[in-house]
1. At most 11 other C-beta atoms within 10 Å and a DSSP loop state: those are the exposed GluC sites (Glu not before Pro) I care about. Give me the longest piece of the chain that has none.
2. Cα-based Rg (one decimal) and Dmax (whole number) for the stretch 123-213, in Å?
3. How much accessible area per residue does the stretch 154-193 have, in Å², with a 1.4 Å probe?
4. Could you compute how much accessible surface Thr91 exposes when probed at 1.4 Å, giving the result in Å² to the nearest 10?
5. State the Kirkwood hydrodynamic radius of the stretch 59-139 in Å, one decimal place, computed from all pairs of distinct Cα atoms.
6. Given a cut-off of 18 Å, name the pairs among Lys109/Lys195; Lys16/Lys109; Lys117/Lys164; Lys7/Lys164 whose C-alpha atoms lie farther apart than that in the structure shown.
7. From zero outward in steps of 10 Å, how is the percent of C-alpha pairs of the stretch 92-164 spread across the bins?
8. Ordering Lys7, Lys67 from largest to smallest accessible area (1.4 angstrom probe), what's the sequence?
Amino acid sequence: WGKPSDKIEEGILGNKRILLLRRHGKQFKFPPHLINYRANIAALRELGASAIIATAAVGGIAAEVGKIVLPDQIIDYTYGRESTFFEGGDTPLKHIDFSYPYDKRIREKIISAATAKSIILIESGTYGATQGPRLETAAEIQKLRKDGCHIVGMTGMPEACLAKEMEIPYATMAIVVNPAAGLCEGEILLSDMEKILSQGYEICMDILKTVEL
């Protein structure tokens, strides 16, 4: 499947052995549509990952800036991405049940850890996965809203379905870094997004320290 986005770092967080992989690589080398999602998931599996908890920066359609959303559904608007390990030949076709893309048990563990630390999460929602790397138009956001999306991001797919194919329980903690296009006054500024993302990432790490998997 090629090389993963970056070197996978191993360490201890809380009392757990963890594997850390930056999906965009260092200095955001890979835009969302060019990430080798298959290599990333395959590499984590080869190193023995028993669960994947992803973090992601997203725009808020029906979620406030600064909140962390634990989505339970996803709608895929991406195109042209390598989205399956099952391409025929030596790897026979396999259909997976993707009714519930995010693992219920892992999500419950994250909620419990956050509750114990008095951290408020939005405990459900639908993630709209768009192609990127540009942000969406205001009209596109209105379409996503009508489709039932609560947040919008660019890396949710095919990451979630590839983890499902590899039978690795998967969940996402999505940090809302900006109101989606057309839902805020003025332009969406990268500097504002980066500040909120940094704060949200620290909260996510605090939760991960005590998640009991």
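The values are calculated or read from the model by the stated rules, or taken from the named source; none is laboratory data. Given the structure is predicted, the values throughout are model-derived calculations rather than measurements. Cβ atoms come from the backbone with ideal geometry, glycine included; neighbour counts cover every protein chain shown. Ligands, DNA and RNA are stripped out before the accessible areas are found, and what is left, the full protein with its side chains, is counted by its heavy atoms. Shrake-Rupley method; radii C 1.70, N 1.55, O 1.52, S 1.80 Å.
1. With GluC sites (Glu not before Pro) excluded where exposed in loops, the chain gives 88-166 as its longest stretch.
2. Reported Rg and Dmax, both Å: 14.7, 43.
3. On the way: 1490 Å² over 40 residues.
Computed with neighbouring chains in place, this is 37 Å² per residue.
4. Its heavy atoms expose roughly 50 Å² to the probe.
5. 15.6 Å
6. Among Lys109/Lys195; Lys16/Lys109; Lys117/Lys164; Lys7/Lys164, the Cα-Cα distance tops 18 Å for Lys109/Lys195; Lys117/Lys164; Lys7/Lys164.
7. For the stretch 92-164, the binned pair fractions read 16, 37, 33, 13, 1 percent.
8. Lys7, Lys67
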